[in-house]
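Q: Let me begin by handing over the structure; questions about it come next.
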Amino acid sequence: MRIHRLSQALINKIAAGEVIERPASVVKELMENAVDAGATRIHVSVGAGGTDMIRVVDNGCGIAAGELELALTAHATSKIHDADDLFRVGTLGFRGEALASIAEVSQLVLRSRAADQPEGAQIEATGGRLSTVGPCGAPVGTTIEVRNLFYNVPVRRKGLRTAATELGHVKETFTRIALALPQIDFVLSNNDRPIFDLSGTGRWRDRIATFFGRELADNLIWVENTDGDVQLSGYVAHPSHSRANNQMQYLFLNCRYIRDRSLQHALREAYRGLLLAGRFPIAFLNLAMPPEDVDVNVHPTKIEVRFHNAGQHYGQLLSTLRTKFLSTDLHVRVRGESEDPTGAHDDDQADRLRDELVGWAKGKVAQWEVDAAEELGEEVQRTFDASEPREPLSITRLDRPWAPAGGTRGTAPAGHSDAVAEPDAGGCGEPNLAARVPAGSASLRAVQLHNRYLVTESDDALVIFDQHALHERILYEQLRSRLAASPLETQSLLVPEPVDLAPAEAAAVVEHRDTLGRLGMNVEPFGGDTVLISGYPAMLANLPPAEVLRELLEPLLTAGREAARDALLDDLLHAIACKAAIKAGDRLAPEEITSLLEQRHLVDNAHHCPHGRPTALVFTREELDKRFKRT
């Protein structure tokens, strides 16, 4: 075989295969060129989702007539001049491949007029063959029309999807660019029907609302942080809004849409404990930094970049979000029917519980108002009548265990002797006990419903707590704080207990026994797939040791590399807190309710359990009035 030089046409087709994957790729390249040209209005029109026609019109600086042919030549660009420019790229496009690649696999018309030119000029390309440049009427700016994409590459043409699918990709590409540049007017239409007409107001939240709905936009949290020359700014969504994938994580670098696994991991870590398993955060974030601090020339599509100091940016994003969340009220506020076109809440527990509550309330509203009037009129002092005696629940700060008093479930903490006990009404849907719960300077009455939910009021809302989720969060925070100082207390066994496990389980337990030891679980191999438990967490002393160990198996089996040890420890703390917390179905005494709701003010992130479920739902007075047709 002899070595030979490829023709320029073939080179362009190869480049097109890398850069131009589908109609959306053409839209991306042409929109980026329009932005780089300084356009303040960009109009994108497609036909049949871009498979028949793509037209991009801008009011940018335009191209001089004498440079139109050069603009369609491979690796011709006005954006870089020497090798050093590759390491300080400040434009969206720069490689000089796009127009030549598009012209090679389509029928293209380019019209343009520079601001200092009296008339416009036009050039056509068919399968890479260029016409002569001729005059034409045109406003200042550039119009590029692409028809019959891949008409001369049958395999690629056949690989295109339906017009609806291709239009979906075009819309996503349009969204990524328009989101990053809210100061520019953007228009998108398909088959001459408008899809988006965006005014360049410069308000990012308004542009987000246009694409994803006002409800989501109203539940965004602004974050910003400056670390040296790097500025992080943008919005992240309240944890009540999430997705089943990471497709709504819009990360921008100097207003260029990028994908970066490290930043996405930092984002997910920041939401750890705020979202359910399998849910992903929503974010619209921009990193602004000197161009020389990042290499954007690592992929033909320019979506992937290489940071010179990736660790710094990871830490900046993670710490910024965690700090912001600590100072933000992240309780789930229940509203009316969602206006979010993406259906973000279809499977959220908050909506299901809301519907359950409204159904219960409609059936019980008359009795509820009677009970409320009686409770507001006088303090009812009654003795709590326990139907099934049991051991006191360990609702505790770990350093202050409760002790039974006179055979009752527990004694109220000092300063809260005004707890009020209500007799059991007999029905599972009726409030069965009440307690006074301090909240700042006010005093709230709390009732337990269905032996799982605690209902209180604030100045302007009804608040419903999930007793298990709230206690689980409190225990988790206490455990984590205690573990930072020393290992957890161990309950030693007089006779070590052997536990038979599956081979993979036994191997995981032995591998991580030092970590288990820090949590109070002492294990050692006993031969074969059997391990020996000599001690286990003291706070779980009422549970069988083997059961406790089995609860910890799932985090052990899914543990990753050595670098993930901290995440493993965190998952194990989740499991212990979940196992130790009071359960749905546990009936609480008034003083237990008081203690539980008191302690929520002593921990971070009390609004979500460690697994990401909300610990409380907030029904504002306005929302309740609307639900009961009072407004």
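Values in this text are rule-based calculations from the coordinates and carry no lab data. Model, not experiment: these values are computed from the prediction. No Cβ is skipped: glycine too gets one built from the backbone with ideal geometry, and neighbour counts run over all protein chains shown.
Q: Could you tell me the distance between the Cα centroids of region 176-254 and region 583-622, to the nearest Å?
A: Distance between centres, Cα-based: 33 Å.
Q: What percent does the relative contact order of region 504-631 come to when contacts are Cα pairs within less than 8 Å and at least six residues apart?
A: Once normalised by length, the contact order is 15 percent.
Q: Can you give me the distance in nm between label points at ARG214 and ILE303, each placed 7 Å from the Cα along the Cα-to-Cβ direction?
A: Rounded to a tenth, the inter-label distance reads 3.3 nm.
Q: Compute the distance from the alpha-carbon center of region 448-492 to that of region 96-122, in whole Å.
A: First find each Cα centre; the distance between them is then 64 Å.
Q: Can you find, among ALA164, GLY213, GLY234, the residue sitting farthest towards the positive end of the charge dipole of region 134-267, where Lys and Arg contribute +1 and Asp and Glu -1 at Cβ?
A: After comparing all options, I get ALA164.
Q: Rounded to the nearest 20 Debye, what is the dipole magnitude of region 204-328 about its Cα centre when Lys and Arg each give +1 and Asp and Glu each give -1 at the C-beta? Walk me through the numbers on the way to the answer.
A: Numbers: 14 positive and 12 negative charges, 102 e Å.
So the magnitude is around 480 debye.
Q: As a footprinting exposure proxy, order HIS265, HIS611 by other Cβ within 10 Å, with the fewest listed first.
A: On the way: HIS265 13, HIS611 20.
Starting with the residue having the fewest Cβ neighbours, the order is HIS265, HIS611.
Q: Separate question: Charges only on Cβ, +1 for Lys and Arg, -1 for Asp and Glu: so what's the dipole of region 580-631 about the Cα centre, in debye to the nearest 20? Display every interim value, and only then the final one.
A: Details: 9 positive and 8 negative charges, 83 e Å.
Charge dipole of region 580-631: 400 debye, to the nearest 20.
Q: Something else now. Please give the FRET efficiency for ALA277 paired with VAL155, using the beta carbon to beta carbon distance and R0 = 45 Å, rounded to the nearest 0.05. Provide the component values of the computation, followed by the final result.
A: Numbers: r = 41 Å, r/R0 = 0.92.
With a Förster radius of 45 Å, E is 0.60.
Q: Using a ≥ b ≥ c from the Cα gyration tensor of region 117-175 (square roots of the eigenvalues), is it rounded, prolate or oblate, where a/c under 1.5 gives rounded and otherwise the larger of a/b and b/c decides, a/b for prolate?
A: Numbers: a/c = 4.65, a/b = 1.61, b/c = 2.89.
Oblate shape, in that a/c is at least 1.5 and b/c is the bigger or equal ratio.
Q: Still on this structure: List LEU72, LEU276, LEU317 from most exposed to least, where exposure is judged by having the fewest other Cβ atoms within 10 Å.
A: Details: LEU72 22, LEU276 16, LEU317 26.
Ordered by Cβ neighbours within 10 Å, fewest first: LEU276, LEU72, LEU317.
Q: Now for a different question. Between LEU70 and LYS583, what is the label-point separation in nm under the 7 Å Cα-to-beta-carbon projection?
A: Modelled inter-label distance: 7.8 nm.
Q: Further question: Ranked from highest to lowest mean number of other Cβ atoms within 10 Å per residue, what is the order of the peptides 129-141, 19-31? Show your work: numbers first, answer last.
A: Numbers: 129-141: 14.2, 19-31: 24.3.
Highest to lowest by the protection proxy: 19-31, 129-141.
Q: Going by the alpha-carbon gyration tensor, a ≥ b ≥ c the square roots of its eigenvalues, is region 8-198 rounded (a/c under 1.5) or, if a/c is not under 1.5, prolate (a/b greater than b/c) versus oblate?
A: Numbers: a/c = 1.28, a/b = 1.10, b/c = 1.17.
Rounded, because the longest to shortest axis ratio a/c is under 1.5.
Q: Once the piece of chain linking ARG5 and THR162 is laid out straight, how much longer is it, given 0.36 nm per residue of separation minus the C-alpha distance between them? Please list the in-between numbers first.
A: Numbers: separation 157, 0.36 × 157 = 56.52 nm, distance 3.74 nm.
Taking ARG5 through THR162 to full extension adds about 52.8 nm, to one decimal.
Q: Hey, another quick one. State, to one decimal in nm, how far the label point of GLU551 lies from the label point of PHE628, with both points 7 Å from Cα in the Cβ direction.
A: Placing both labels 7 Å beyond Cα along the Cβ direction yields 3.9 nm.
Q: Going highest first, how would you order 58-69, 502-513 by mean Cβ packing within 10 Å? Before the final figure, lay out the partial values.
A: Working: 58-69: 19.5, 502-513: 16.2.
Output ranking for 58-69, 502-513: 58-69, 502-513.
Q: As a footprinting exposure proxy, order ILE3, ILE282 by other Cβ within 10 Å, with the fewest listed first.
A: Least to most surrounded, the residues fall as ILE3, ILE282.
Q: Using alpha-carbon pairs under 8 Å, 6+ residues apart, how would you state the relative contact order of region 204-328 in percent?
A: Values: 191 pairs, mean separation 34.1, N = 125.
RCO, region 204-328: 27 percent.
Q: For LEU326 and GLU524, calculate 0.36 nm times their separation in residues minus their Cα-Cα distance, and state this gained length in nm to one decimal. List each step's numbers first, then the result.
A: Details: separation 198, 0.36 × 198 = 71.28 nm, distance 3.95 nm.
Answer, rounded to one decimal: 67.3 nm.
Q: Among 570-580, 617-627, how do they line up from the highest to the lowest mean number of other beta-carbon atoms within 10 Å?
A: Values: 570-580: 20.5, 617-627: 16.4.
Going by the mean number of other Cβ atoms within 10 Å, highest first, we get 570-580, 617-627.
Q: Contact order normalised by length for region 477-531, with contacts defined as Cα pairs under 8 Å and 6 or more residues apart; what percent is it? Provide the component values of the computation, followed by the final result.
A: Values: 48 pairs, mean separation 23.4, N = 55.
In percent, rounded to a whole number, it is 43.
Q: Taking square-rooted eigenvalues a ≥ b ≥ c of the alpha carbon gyration tensor, is region 1-73 rounded, prolate or oblate, where a/c under 1.5 means rounded and, failing that, a/b exceeding b/c means prolate? It would help to have the intermediate numbers written out before the result.
A: Working: a/c = 2.92, a/b = 1.55, b/c = 1.88.
It comes out oblate by the Cα gyration axes.
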